[in-house]
2 protein chains.
Amino acid sequence: MPALSKNERRNIDEYISGYIDGEGCFSVSFSKCNRLVVGWETKPSFSVSQNEDRAEVLYLLQKKFNGGFIRRDYSDKTLKYEIRSLPILTNSVIPHFKKFPLLSSKHQDYLLFEKICKLMAKGIHTSKGGFRKILPLAFMMNPSGKRKYTSKEILSSLR
Amino acid sequence: MPALSKNERRNIDEYISGYIDGEGCFSVSFSKCNRLVVGWETKPSFSVSQNEDRAEVLYLLQKKFNGGFIRRDYSDKTLKYEIRSLPILTNSVIPHFKKFPLLSSKHQDYLLFEKICKLMAKGIHTSKGGFRKILPLAFMMNPSGKRKYTSKEILSSLR
């Protein structure tokens, strides 16, 4: 990353927000999980995929947010950087995007993501009533994205 | 773009470089053109594609670089912002990326692009010798991208 060392006065935070506006994804998915009271796990995720041959920015993100994992996606020869940890999302990712908001309509996904993470930090998702509150917020995000279960399927098997 | 008006002190230049590092493309293609002395046209292009539903940043780019066109790509439901004008590339795009360089290895493509645009501004591409100098530089860019003609095909039909 030669340009970085030469440009110590650069505003990397703005750069990161611009990069994420193009390449990043905020999502909340749900998995069946019998050990949980409601029977479903709520899984927030902040992720970015990039071609292997220019993955420098993924390492920059990992350093910036002080967490998350970079893994290889063999299906499409990309690397994926992902944070699933709720403490890192609430203490590191959300403060960044509150200070340097996205400028495209992806900002709307971020706002829903922030709302869900904050509710989860209070443990709201672990009760049936709280889960019912979070579910529709999550389904408002990334409407063109694919989901394993429909909202109806999840609600019908809620314990 | 609500976040923009609320954040007048933001460093939009850095944001743009980050966004372009993820989504942008610098390329130089070649078309057969009988009216030119060498028989081939050298076509530099700076472009960004984005889903229609979050095209806000494309309009921001058009304002920033004071030129370029936004057009619909019906094949994949995206909008594409593109600058092909050499004066806008040399006077607006190149100064931006010299000041706020890309941090990924896409920077290498940019450097070749800058070199070619500067040679073109001197008219180098209009002579056979100059064209032979530009061609290999262009073929070093975006090696995974598709091209209509191979370098060999172009050279063999050079006038």
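The values are calculated or read from the model by the stated rules, or taken from the named source; none is laboratory data. Just so we're clear, the structure is a prediction, and the values are computed from it rather than from any experiment. Reconstructed Cβ throughout: ideal geometry from the backbone, glycine too, with neighbour counts over all protein chains shown.
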Among the helices (runs of 4 or more DSSP H) confined wholly to the range A:8-126, which include 2 or more residues that are under 30 Å from residue B:144 (Cα atoms), at pLDDT below 95 and touching a helix residue (DSSP H, G or I) at 6+ places or on another chain (Cβ under 6 Å)?
-> A:12-23
Assuming residue B:129 fulfils every condition listed in (1) more than 29 Å from residue A:51 (Cα to Cα); (2) assigned to a loop (DSSP other than H, G, I, E, B) apart from one, which condition is it?
-> (2)
Quick one: residue A:90 ticks every box in (1) more than 28 Å from residue B:105 (Cα to Cα); (2) surrounded by fewer than 17 Cβ atoms within 10 Å (Cβ to Cβ); (3) touching a strand residue (DSSP E or B) at 6+ places or on another chain (Cβ under 6 Å) bar one, so which box is it?
-> (3)
Go through the range A:51-78 and count every residue that is more than 10 Å from chain B (Cβ to nearest Cβ), over 23 Å from residue A:10 (Cβ atoms) and over 14 Å from the mean Cα position of the chain (by Cα).
-> 8
Does residue B:131 satisfy being in contact with a helix residue (DSSP H, G or I) (Cβ under 9 Å, 6 or more places away or on another chain), closer than 22 Å to residue B:101 by Cα and away from chain A (no Cβ under 14 Å)?
-> no
Breaking point among (1) within 27 Å of residue A:158 (Cα to Cα); (2) loosely packed, with under 15 Cβ neighbours inside 10 Å; (3) touching a residue at least 12 places away in the same chain (Cβ under 8 Å); (4) not hydroxyl-bearing (Ser, Thr, Tyr), for residue A:69 | (1)
When (1) buried (at least 20 other Cβ atoms within 10 Å of the Cβ); (2) within 18 Å of residue A:104 (Cα to Cα); (3) facing chain A (nearest Cβ under 10 Å) are applied to residue B:81, the one that fails is (3)
Restrict the check to the range A:141-148 and report whether at least one residue is part of a loop (DSSP other than H, G, I, E, B) and within 23 Å of residue A:12 (Cβ to Cβ).
-> no
Which numbered condition residue B:147 misses (of (1) modelled with pLDDT under 95; (2) surrounded by fewer than 12 Cβ atoms within 10 Å (Cβ to Cβ); (3) among the basic types (Lys, Arg)) = (2)
